[in-house]
Amino acid sequence: MRVVVAGGAGFLGSHLCDALLERGDRVVCVDNFLTGSPANVGHLADNDDFELIDADVCGELRIDGPVDAVMNLASPASPKDYYALPLETLDVGSTGTRRLLELARSLDATFFMASTSEVYGDPVEHPQTEEYWGHVNPIGERSMYDEAKRFSEALTFTYHRTFDLPIRVVRIFNTYGPRMQPDDGRVVSNFITQALRGEPLTIYGDGSQTRSFCYVDDEIRGFLALLDSDETGPINIGNPGEFTMLELADLVNELTSNTAGLVHRGLPSDDPQQRQPDITRARNLLGWSPHVDLRTGLERTIPYIASVLRD
Ligand SMILES: NC(=O)c1ccc[n+]([C@@H]2O[C@H](COP(=O)([O-])OP(=O)(O)OC[C@H]3O[C@@H](n4cnc5c(N)ncnc54)[C@H](O)[C@@H]3O)[C@@H](O)[C@H]2O)c1
(Lines give C-alpha, C1' and ligand atoms only; values in the text may rest on other atoms or scores of the structure.)
Protein backbone atom coordinates (compact mmCIF):
# COMPACT_ATOMS: atom_id res chain seq x y z
CA MET A 1 0.00 0.00 0.00
CA ARG A 2 0.97 3.64 -0.38
CA VAL A 3 -0.29 5.59 2.60
CA VAL A 4 -0.47 9.32 3.31
CA VAL A 5 0.06 9.96 7.02
CA ALA A 6 -1.04 13.50 7.92
CA GLY A 7 0.58 14.50 11.20
CA GLY A 8 3.19 11.81 10.60
CA ALA A 9 5.97 13.73 12.35
CA GLY A 10 4.12 13.70 15.66
CA PHE A 11 4.25 11.20 18.51
CA LEU A 12 1.71 8.66 17.20
CA GLY A 13 2.19 9.54 13.53
CA SER A 14 5.90 8.77 13.58
CA HIS A 15 5.27 5.34 15.16
CA LEU A 16 2.59 4.74 12.54
CA CYS A 17 5.07 5.61 9.75
CA ASP A 18 7.55 3.12 11.28
CA ALA A 19 4.92 0.36 11.50
CA LEU A 20 3.68 0.88 7.93
CA LEU A 21 7.23 0.84 6.54
CA GLU A 22 8.11 -2.21 8.61
CA ARG A 23 5.33 -4.19 7.01
CA GLY A 24 6.37 -3.13 3.50
CA ASP A 25 4.05 -0.18 2.79
CA ARG A 26 5.20 3.11 1.31
CA VAL A 27 4.57 6.28 3.31
CA VAL A 28 4.02 9.92 2.41
CA CYS A 29 4.24 11.87 5.66
CA VAL A 30 2.62 15.32 5.59
CA ASP A 31 3.27 17.63 8.51
CA ASN A 32 3.72 21.34 9.18
CA PHE A 33 5.63 20.63 12.44
CA LEU A 34 3.15 22.68 14.46
CA THR A 35 3.46 20.33 17.43
CA GLY A 36 5.57 17.55 15.89
CA SER A 37 9.20 17.54 14.85
CA PRO A 38 11.25 16.40 11.86
CA ALA A 39 13.45 14.65 14.45
CA ASN A 40 10.65 12.13 15.08
CA VAL A 41 11.07 10.83 11.52
CA GLY A 42 14.76 11.74 11.10
CA HIS A 43 15.72 8.04 11.21
CA LEU A 44 13.59 7.47 8.06
CA ALA A 45 15.33 10.10 5.91
CA ASP A 46 17.33 7.52 3.91
CA ASN A 47 14.41 5.13 3.47
CA ASP A 48 13.38 5.09 -0.21
CA ASP A 49 9.83 4.14 0.76
CA PHE A 50 9.45 7.25 2.89
CA GLU A 51 8.66 10.77 1.72
CA LEU A 52 8.29 13.83 3.94
CA ILE A 53 6.21 16.82 2.82
CA ASP A 54 6.27 20.02 4.85
CA ALA A 55 2.70 21.30 4.41
CA ASP A 56 -0.32 22.52 6.33
CA VAL A 57 -3.24 20.16 5.63
CA CYS A 58 -5.60 23.16 5.82
CA GLY A 59 -4.04 24.46 2.58
CA GLU A 60 -3.66 23.11 -0.94
CA LEU A 61 -2.25 19.60 -0.92
CA ARG A 62 -1.32 17.63 -4.02
CA ILE A 63 0.00 14.10 -3.86
CA ASP A 64 1.28 12.59 -7.10
CA GLY A 65 0.81 8.90 -7.85
CA PRO A 66 -1.60 6.34 -6.49
CA VAL A 67 -2.57 6.31 -2.81
CA ASP A 68 -4.47 3.54 -1.01
CA ALA A 69 -5.16 5.27 2.30
CA VAL A 70 -5.12 8.76 3.81
CA MET A 71 -4.64 8.62 7.56
CA ASN A 72 -5.47 11.85 9.40
CA LEU A 73 -3.54 12.27 12.62
CA ALA A 74 -2.90 15.99 12.12
CA SER A 75 -4.01 18.01 15.15
CA PRO A 76 -2.55 19.45 18.30
CA ALA A 77 -3.31 16.65 20.74
CA SER A 78 -1.99 17.43 24.20
CA PRO A 79 -3.98 19.83 26.38
CA LYS A 80 -0.98 22.15 26.59
CA ASP A 81 -0.83 22.34 22.79
CA TYR A 82 -4.52 22.83 22.09
CA TYR A 83 -4.86 25.44 24.83
CA ALA A 84 -1.97 27.34 23.19
CA LEU A 85 -3.28 26.75 19.64
CA PRO A 86 -7.08 26.87 19.92
CA LEU A 87 -7.83 28.31 16.47
CA GLU A 88 -5.30 26.04 14.74
CA THR A 89 -6.98 23.10 16.49
CA LEU A 90 -10.42 24.12 15.23
CA ASP A 91 -9.02 24.80 11.74
CA VAL A 92 -7.30 21.45 11.39
CA GLY A 93 -10.34 19.59 12.76
CA SER A 94 -12.62 21.30 10.24
CA THR A 95 -10.81 22.60 7.14
CA GLY A 96 -7.89 20.17 7.52
CA THR A 97 -10.14 17.14 7.82
CA ARG A 98 -12.26 18.33 4.91
CA ARG A 99 -9.19 18.79 2.69
CA LEU A 100 -7.92 15.33 3.55
CA LEU A 101 -11.35 13.81 2.91
CA GLU A 102 -11.34 15.50 -0.52
CA LEU A 103 -7.84 14.18 -1.12
CA ALA A 104 -8.94 10.62 -0.25
CA ARG A 105 -12.00 10.99 -2.47
CA SER A 106 -9.98 12.30 -5.43
CA LEU A 107 -7.43 9.48 -5.07
CA ASP A 108 -9.99 6.72 -4.49
CA ALA A 109 -8.35 6.02 -1.16
CA THR A 110 -9.65 4.88 2.22
CA PHE A 111 -9.87 7.71 4.79
CA PHE A 112 -8.73 6.97 8.34
CA MET A 113 -9.66 9.48 11.06
CA ALA A 114 -7.78 9.64 14.35
CA SER A 115 -10.51 10.70 16.74
CA THR A 116 -10.35 10.66 20.49
CA SER A 117 -11.95 9.56 23.72
CA GLU A 118 -12.47 13.30 24.28
CA VAL A 119 -15.60 13.00 22.11
CA TYR A 120 -17.13 11.41 25.24
CA GLY A 121 -16.29 14.57 27.23
CA ASP A 122 -16.78 14.13 30.98
CA PRO A 123 -18.67 10.87 30.59
CA VAL A 124 -21.57 9.80 32.77
CA GLU A 125 -21.34 6.19 31.51
CA HIS A 126 -18.48 3.88 32.45
CA PRO A 127 -16.76 2.36 30.68
CA GLN A 128 -17.48 4.19 27.41
CA THR A 129 -18.84 2.16 24.52
CA GLU A 130 -18.94 3.55 21.01
CA GLU A 131 -22.73 3.87 21.30
CA TYR A 132 -22.36 6.49 24.04
CA TRP A 133 -22.93 9.99 22.62
CA GLY A 134 -20.84 11.75 25.19
CA HIS A 135 -21.16 14.56 27.68
CA VAL A 136 -19.27 17.51 26.22
CA ASN A 137 -19.40 21.16 27.18
CA PRO A 138 -19.55 22.87 23.76
CA ILE A 139 -18.19 26.15 25.14
CA GLY A 140 -15.89 24.70 27.79
CA GLU A 141 -12.17 25.38 28.02
CA ARG A 142 -11.26 22.26 26.07
CA SER A 143 -14.14 22.50 23.60
CA MET A 144 -11.82 23.58 20.76
CA TYR A 145 -10.39 20.07 20.80
CA ASP A 146 -13.44 17.99 21.75
CA GLU A 147 -15.76 19.72 19.30
CA ALA A 148 -13.16 19.79 16.50
CA LYS A 149 -12.89 16.02 16.79
CA ARG A 150 -16.66 15.57 16.98
CA PHE A 151 -16.96 17.72 13.86
CA SER A 152 -14.24 15.67 12.14
CA GLU A 153 -16.20 12.52 12.88
CA ALA A 154 -19.38 14.11 11.52
CA LEU A 155 -17.56 15.22 8.35
CA THR A 156 -16.05 11.77 7.90
CA PHE A 157 -19.40 10.01 8.21
CA THR A 158 -21.02 12.58 5.92
CA TYR A 159 -18.45 11.81 3.20
CA HIS A 160 -19.11 8.12 3.74
CA ARG A 161 -22.88 8.52 3.43
CA THR A 162 -22.81 11.09 0.63
CA PHE A 163 -19.97 9.78 -1.56
CA ASP A 164 -19.64 6.19 -0.36
CA LEU A 165 -16.06 6.98 0.67
CA PRO A 166 -14.49 4.07 2.57
CA ILE A 167 -13.75 5.34 6.09
CA ARG A 168 -12.21 4.13 9.34
CA VAL A 169 -12.70 6.09 12.57
CA VAL A 170 -10.65 5.24 15.63
CA ARG A 171 -11.31 6.75 19.05
CA ILE A 172 -7.93 6.87 20.70
CA PHE A 173 -7.65 6.74 24.47
CA ASN A 174 -4.60 8.14 26.35
CA THR A 175 -1.50 6.73 24.73
CA TYR A 176 2.06 7.03 25.95
CA GLY A 177 5.52 5.90 24.93
CA PRO A 178 8.81 7.10 23.45
CA ARG A 179 8.62 10.34 21.36
CA MET A 180 5.89 11.87 23.49
CA GLN A 181 6.96 15.38 24.47
CA PRO A 182 8.34 15.46 28.02
CA ASP A 183 6.56 18.78 28.68
CA ASP A 184 3.29 18.09 26.84
CA GLY A 185 1.12 18.54 29.91
CA ARG A 186 -0.16 14.96 29.82
CA VAL A 187 -0.04 13.13 33.07
CA VAL A 188 2.39 10.33 32.14
CA SER A 189 5.02 12.65 30.69
CA ASN A 190 4.48 15.18 33.48
CA PHE A 191 5.01 12.59 36.18
CA ILE A 192 8.06 11.03 34.52
CA THR A 193 9.66 14.43 33.88
CA GLN A 194 9.06 15.60 37.43
CA ALA A 195 10.31 12.31 38.86
CA LEU A 196 13.49 12.33 36.75
CA ARG A 197 14.16 15.87 38.00
CA GLY A 198 13.72 14.66 41.57
CA GLU A 199 10.66 16.89 42.05
CA PRO A 200 7.38 16.02 43.80
CA LEU A 201 4.71 14.82 41.34
CA THR A 202 1.77 17.24 40.86
CA ILE A 203 -1.61 15.67 41.60
CA TYR A 204 -4.65 17.71 40.52
CA GLY A 205 -7.52 17.37 42.96
CA ASP A 206 -7.35 14.44 45.38
CA GLY A 207 -5.83 12.07 42.79
CA SER A 208 -8.76 9.66 42.85
CA GLN A 209 -9.68 10.44 39.21
CA THR A 210 -8.79 7.55 36.94
CA ARG A 211 -7.37 7.19 33.46
CA SER A 212 -6.48 4.28 31.25
CA PHE A 213 -3.12 4.29 29.49
CA CYS A 214 -2.27 2.48 26.28
CA TYR A 215 1.30 1.79 25.24
CA VAL A 216 2.05 3.21 21.78
CA ASP A 217 2.90 -0.14 20.12
CA ASP A 218 -0.49 -1.54 21.13
CA GLU A 219 -2.27 1.58 19.87
CA ILE A 220 -0.57 1.47 16.45
CA ARG A 221 -1.31 -2.26 16.11
CA GLY A 222 -4.96 -1.31 16.69
CA PHE A 223 -4.82 1.38 13.96
CA LEU A 224 -3.48 -1.13 11.44
CA ALA A 225 -6.04 -3.78 12.43
CA LEU A 226 -8.79 -1.21 11.81
CA LEU A 227 -7.24 0.03 8.55
CA ASP A 228 -7.00 -3.54 7.24
CA SER A 229 -10.58 -4.39 8.27
CA ASP A 230 -13.85 -3.54 6.56
CA GLU A 231 -15.17 -1.71 9.63
CA THR A 232 -16.03 1.99 9.46
CA GLY A 233 -15.87 2.35 13.23
CA PRO A 234 -15.96 4.32 15.37
CA ILE A 235 -13.88 1.85 17.33
CA ASN A 236 -12.29 2.51 20.71
CA ILE A 237 -8.62 1.62 20.84
CA GLY A 238 -7.18 1.95 24.31
CA ASN A 239 -6.16 -0.04 27.32
CA PRO A 240 -9.07 -0.63 29.72
CA GLY A 241 -6.73 -1.08 32.71
CA GLU A 242 -7.84 1.75 35.00
CA PHE A 243 -5.48 3.55 37.38
CA THR A 244 -5.99 6.44 39.76
CA MET A 245 -3.57 9.34 39.47
CA LEU A 246 -2.23 8.36 42.89
CA GLU A 247 -1.49 4.80 41.70
CA LEU A 248 0.25 6.11 38.58
CA ALA A 249 2.30 8.59 40.61
CA ASP A 250 3.43 5.89 43.05
CA LEU A 251 4.48 3.60 40.18
CA VAL A 252 6.46 6.37 38.45
CA ASN A 253 8.17 7.33 41.70
CA GLU A 254 9.05 3.67 42.31
CA LEU A 255 10.45 3.10 38.77
CA THR A 256 12.55 6.29 38.88
CA SER A 257 13.54 5.90 42.55
CA ASN A 258 12.15 9.37 43.18
CA THR A 259 11.71 10.09 46.86
CA ALA A 260 10.30 13.64 46.52
CA GLY A 261 6.68 12.45 46.96
CA LEU A 262 3.57 14.32 45.77
CA VAL A 263 2.13 17.83 45.76
CA HIS A 264 -1.60 18.61 45.39
CA ARG A 265 -3.10 21.39 43.21
CA GLY A 266 -6.68 22.43 42.31
CA LEU A 267 -8.52 20.41 39.65
CA PRO A 268 -8.71 22.15 36.22
CA SER A 269 -12.25 22.78 34.95
CA ASP A 270 -13.74 20.20 32.58
CA ASP A 271 -11.22 17.59 33.75
CA PRO A 272 -13.00 14.25 33.41
CA GLN A 273 -13.25 12.24 36.63
CA GLN A 274 -13.00 8.90 34.92
CA ARG A 275 -12.42 7.61 31.42
CA GLN A 276 -12.05 4.01 30.40
CA PRO A 277 -12.56 2.37 27.02
CA ASP A 278 -14.93 -0.49 26.44
CA ILE A 279 -12.96 -2.43 23.82
CA THR A 280 -15.52 -5.17 23.14
CA ARG A 281 -15.87 -3.96 19.53
CA ALA A 282 -12.12 -3.94 18.94
CA ARG A 283 -11.81 -7.43 20.44
CA ASN A 284 -14.72 -8.89 18.49
CA LEU A 285 -14.41 -7.08 15.17
CA LEU A 286 -10.64 -6.64 14.89
CA GLY A 287 -9.31 -9.38 17.18
CA TRP A 288 -7.33 -6.62 18.90
CA SER A 289 -6.47 -6.19 22.55
CA PRO A 290 -3.56 -4.47 24.29
CA HIS A 291 -0.56 -6.56 25.37
CA VAL A 292 1.75 -4.15 27.19
CA ASP A 293 0.99 -3.54 30.87
CA LEU A 294 1.55 -0.14 32.50
CA ARG A 295 4.71 -1.11 34.37
CA THR A 296 6.35 -2.50 31.21
CA GLY A 297 5.28 0.49 29.13
CA LEU A 298 6.64 2.95 31.70
CA GLU A 299 9.92 1.03 31.86
CA ARG A 300 10.25 1.55 28.08
CA THR A 301 9.20 5.22 28.19
CA ILE A 302 11.28 6.50 31.12
CA PRO A 303 14.67 6.02 29.33
CA TYR A 304 13.38 7.99 26.32
CA ILE A 305 12.27 10.95 28.43
CA ALA A 306 15.53 10.75 30.39
CA SER A 307 17.49 10.98 27.12
CA VAL A 308 15.51 14.05 25.97
CA LEU A 309 16.01 15.77 29.32
CA ARG A 310 19.77 15.09 29.12
CA ASP A 311 20.07 16.69 25.62
N1 LIG B 1 -1.58 10.74 22.05
C2 LIG B 1 -2.78 10.47 22.52
O3 LIG B 1 -2.92 9.96 23.63
C4 LIG B 1 -4.01 10.76 21.69
C5 LIG B 1 -5.26 10.52 22.26
C6 LIG B 1 -6.40 10.76 21.51
C7 LIG B 1 -6.29 11.21 20.21
N8 LIG B 1 -5.08 11.44 19.67
C9 LIG B 1 -5.02 11.95 18.28
O10 LIG B 1 -3.98 11.33 17.56
C11 LIG B 1 -3.37 12.27 16.68
C12 LIG B 1 -1.87 12.32 16.94
O13 LIG B 1 -1.64 12.72 18.28
P14 LIG B 1 -0.17 12.84 18.88
O15 LIG B 1 -0.24 12.52 20.30
O16 LIG B 1 0.78 12.11 18.01
O17 LIG B 1 0.06 14.42 18.75
P18 LIG B 1 1.27 15.25 18.15
O19 LIG B 1 1.03 16.67 18.46
O20 LIG B 1 2.57 14.63 18.56
O21 LIG B 1 1.09 14.98 16.58
C22 LIG B 1 0.22 15.73 15.78
C23 LIG B 1 0.96 16.07 14.50
O24 LIG B 1 0.08 16.80 13.63
C25 LIG B 1 0.84 17.86 13.06
N26 LIG B 1 -0.10 18.91 12.65
C27 LIG B 1 -0.92 19.66 13.44
N28 LIG B 1 -1.63 20.52 12.70
C29 LIG B 1 -1.27 20.30 11.41
C30 LIG B 1 -1.65 20.89 10.18
N31 LIG B 1 -2.55 21.88 10.11
N32 LIG B 1 -1.07 20.44 9.03
C33 LIG B 1 -0.13 19.44 9.07
N34 LIG B 1 0.26 18.84 10.23
C35 LIG B 1 -0.29 19.28 11.38
C36 LIG B 1 1.77 18.30 14.16
O37 LIG B 1 2.87 19.05 13.70
C38 LIG B 1 2.19 16.95 14.74
O39 LIG B 1 3.31 16.42 14.10
C40 LIG B 1 -4.06 13.61 16.92
O41 LIG B 1 -5.04 13.81 15.92
C42 LIG B 1 -4.72 13.43 18.27
O43 LIG B 1 -5.88 14.21 18.39
C44 LIG B 1 -3.92 11.24 20.39
- request: Using the structure shown, decide if Arg300 is under 27 Å from Val170 (Cβ atoms), open to solvent by 40 Å² or more (accessible area, probe 1.4 Å) and of a type in the set (D, E, K, R).
  value: yes
message: One residue is enough: does the stretch 24-38 have a residue meeting the conditions in a helix (DSSP H, G or I) and either at pLDDT below 95 or surrounded by 15 or more Cβ atoms within 10 Å (Cβ to Cβ) (or both)?
response: no
message: Between Gly185, Gly198, which is part of a loop (DSSP other than H, G, I, E, B), within 13 Å of the ligand (Cβ to nearest atom), surrounded by fewer than 18 Cβ atoms within 10 Å (Cβ to Cβ) and in contact (Cβ under 8 Å) with a residue 12 or more places away in the chain?
response: Gly185
query: Here are Leu100, Leu87, Leu61: which of them is farther than 17 Å from Glu118 by Cβ and at pLDDT below 95?
result: Leu61
task: Report yes if some residue within the stretch 137-149 is free of Cβ contacts under 8 Å to residues at least 60 places away in the same chain and buried (at least 22 other Cβ atoms within 10 Å of the Cβ); otherwise report no.
output: yes
- prompt: What about Arg161, is it surrounded by fewer than 18 Cβ atoms within 10 Å (Cβ to Cβ) and within 25 Å of Asp228 (Cβ to Cβ)?
  reply: yes
field: Positions within the stretch 45-64 being over 21 Å from the mean Cα position of the chain (by Cα) and hydrophobic (A, V, I, L, M, F, W, C), in sequence order
entry: Ala45, Phe50, Leu61, Ile63
- prompt: Of the conditions (1) surrounded by fewer than 18 Cβ atoms within 10 Å (Cβ to Cβ); (2) in contact (Cβ under 8 Å) with a residue 12 or more places away in the chain, Leu100 fails just one. Which one is it?
  reply: (1)
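The values are calculated or read from the model by the stated rules, or taken from the named source; none is laboratory data. Only a predicted model underlies this, so the values are computations on that prediction, with no experimental measurement involved. All Cβ positions, glycine included, derive from the backbone under ideal geometry; neighbour counts span all protein chains shown. Protein only, heavy atoms only, side chains kept; ligands, DNA and RNA dropped before computing areas. Shrake-Rupley method; radii C 1.70, N 1.55, O 1.52, S 1.80 Å.
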